[in-house]
Structure formats: C-alpha cells, structure tokens
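So the structure is just underneath, and the comments pick up after that.
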Amino acid sequence: MGCATGIVKYFVFIANLLFALIGLALIIIGILFKLNITEVTRVIPDNFEIAPILSIVIGAIIFVTAFLGCCGAVKESPCMLTTYAFVLLTIFIIQVAIGVYAFLQIKNEGQLRQSIHQNVDRVFKDNTLSAIETRDATQRWLRCCGVTGPDEYGSNKPSSCCLHEVCPSINNNFFYEGCADKLYSFLVSKSQLIAGVAIGVAAAEIIGAIFGLCLSSSIRNHYRRRMHA
C-alpha cells in the first residue's frame, strides 16, 4: 500500500481510539445518572428520563463500532471497515433524529417551563424525608430557594437556602432566585453545550466513515493488483 493509504490507516486507528473513549464516557455518564447517585434528578422533568438510557445505548454502540474500526484498520479487513463505516452513518442518522427531538423540546419554552415548575413544586411540597433531602440538595446545587423564591417559606427558611448552615445570618443571606427558573436555565444551557459536542462528534463520525470507506476501497484495490500481478 502507498504512503497515503498508510496515513489513512493510522488516522482511522487513532480516531477510533478516541471514539472508544467517547463511547465509554457516554456509558459511564448514563449509568451514573440512571443509578440516581444525586437526589436532584427527581426534580428533572420526565421528558429527560430517556436521556441516560440513550446515553448508555449510543455509548455502547459507539464503543463496539470503534473497536470494529480499530480491528479493521489493523487487520486491513475491507469487510470490517465497510461495516464500520455504515454503522457510523447509521449512528449519525440516529443522532440527527435525537437532536431534532431535543431541539423541539427545548424550543417549546412554555411547556418545558411548566413541566419543570410542576416537578419542582411536587417535590418541594412533599414532606417525606427523601423529598426534603432532594429539596435541600437542589437548593444547594443550584443556589436557589423555594420553587419561585424565598418568600414562600416565610420566616422559616431551610438552611439549604443559604451558602452556610445558619440561615440567614450576618454575611450569610439566603438565595433569592427560585429553583424552577434556575433549573430551566441550567437545562437549557447544558442542552446547548451537549448539542455543540454532538455536532462535533457527528462531524467526526462522517469523516471517520469516509476515511473508513476510502481505506476499505484502497485495500481491495491493493489485493486486486497483487492477484493480477
């Protein structure tokens, strides 16, 4: 094989090592979220519950696909490389579909705000121990107080409404923003960040698929030349 083919081969191998790490990261993030390590996941709307499952599934597919691409590049297998390229294109299409769905969810601002407000209000008004722990964890995490603001607590504000334990006290005033608005802003900002990362990964997938097909075609041509030499 020529020098250009060798460069493409190593590029495909290195790119798929990065894909494998990305896939592994998605799996870990999805599992951690699904195990509900942090109590604040209870205040997140049901629309977002599918996110950790999708993260695990897509991460597993990317990891297996990256392994296939690495093996195909090392063994110079046209069949494995072609399969790898088509799987990458399939993942790309799925990501586009998920991205469109997520965009429509975020774009419907009124419905999303209402859903978040209902979830936060339901948890914050629950007097069970787990709900109180969720409320305190959410208020400390987002630095907010109450569903719409600290006034709903009156003079009996929980310590989680302040940065430090004694609330309020000198140089330790309570948080003034409501948790519903803070959570909405957080989800929207993180969704935009995830969208940016997804676009970058999708572009890398397209490039990886093209290089995989090019490498597969080059290897096939090399084998044909050897057979007719």
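Where a number appears in this text, it was derived from the coordinates with a stated rule and is not lab data. Values in this document were obtained by computation on a predicted structure and should not be read as measured data. Neighbour counts run over all protein chains shown; Cβ positions are idealised from the backbone, glycine included.
List of remarks:
- Per-residue ³J(HN,Hα) for the stretch 21-27, Karplus 6.51 cos²θ - 1.76 cosθ + 1.60, θ = phi - 60°, Hz, x for Gly and Pro: 5, 4, x, 5, 5, 4, 5
- Based on the Kirkwood approach, the hydrodynamic radius assigned to the stretch 69-162 is 17.4 Å, with every pair of different Cα atoms included.
- In sequence order, the stretch 67-81 has phi-based couplings of 4, 4, x, 4, 5, x, 5, 5, 7, 6, 9, x, 5, 5, 5 Hz under the Karplus curve 6.51 cos²θ - 1.76 cosθ + 1.60, θ = phi - 60°, and Gly or Pro positions carry x.
- Working note: Karplus 6.51/-1.76/1.60 with θ = phi - 60° gives the stretch 136-153 the couplings 5, 5, 5, 5, 6, 5, 8, 6, 10, 8, x, 6, 10, x, x, 4, 5, 8 Hz, where Gly and Pro are set to x.
- Using the Cβ-Cβ distance between A25 and S155 with R0 = 41 Å, the FRET efficiency computed as 1/(1 + (r/R0)^6) comes to roughly 0.35.
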